[in-house]
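Take a look at the structure set out below.
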Amino acid sequence: MSIAVEFPTFQPALRIISAITKAYPAAVTTDTDHDFISGLIVRLTFPEGYGMTQINDRIGVVTVTAATTFTIDIDTRLSDLFIAAPGSPYDDQSPQVIPIGEVSRLLTSATQNVLPY
């Protein structure tokens with residue numbers, strides 16, 4: 001099991017995907033609280049071995065449903081199944097959801113920037 005950085009320098013930080021449904025919209029579960037807000041724009045990355053290669057590097061808008069779950073406006077119904085733990089040699093990387101922007105006139109999701117500048 002991969003663990004996200006506990007105190008990242010920028011929040012919202014990337015989170016590890018532990019499950020994703022074959023649906024539209026797709027429901028995503030992260031392995032820790034994601035701290036996302038609805039309207040956040042994210043990119044999904046799926047390393048080799050985890051399935052769902054059809055949506056690797058796809059971008060979508062998040063609708064938060066719980067502390068570790070959200071839906072995303074990406075259609076995964078025709079994608080390969082998600083493989084949560086493919087095993088060696090694929091256990092060095094994990095599927096991730098990476099915040100890249102926000103649907104808003106004001107930046108409200110960037111809640112913490114602790115860089116020493």
Strands (runs of 3 or more DSSP E) enclosed by the range 41-105 - at least 2 residues per element that are hydrophobic (A, V, I, L, M, F, W, C) and surrounded by fewer than 16 Cβ atoms within 10 Å (Cβ to Cβ): 59-66, 96-102
Lone unmet requirement of (1) over 17 Å from the mean Cα position of the chain (by Cα); (2) at pLDDT 90 or above for Leu107: (2)
Qualifying residue in the range 20-30 (condition: buried (at least 19 other Cβ atoms within 10 Å of the Cβ), of a type outside the set (S, T, N, Q), under 15 Å from Asp75 (Cβ atoms) and in contact (Cβ under 8 Å) with a residue 60 or more places away in the chain): yes
Hits in the range 74-98 - residues which are more than 12 Å from the chain's Cα centre (by Cα) and either over 17 Å from Phe46 (Cβ atoms) or among the hydroxyl-bearing types (Ser, Thr, Tyr) (or both): Thr76, Ser79, Ser88, Tyr90
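The values are calculated or read from the model by the stated rules, or taken from the named source; none is laboratory data. This is a predicted model, so every value here is computed, not measured. Cβ: placed from backbone, ideal geometry, glycine included. Neighbour counts: every protein chain shown.
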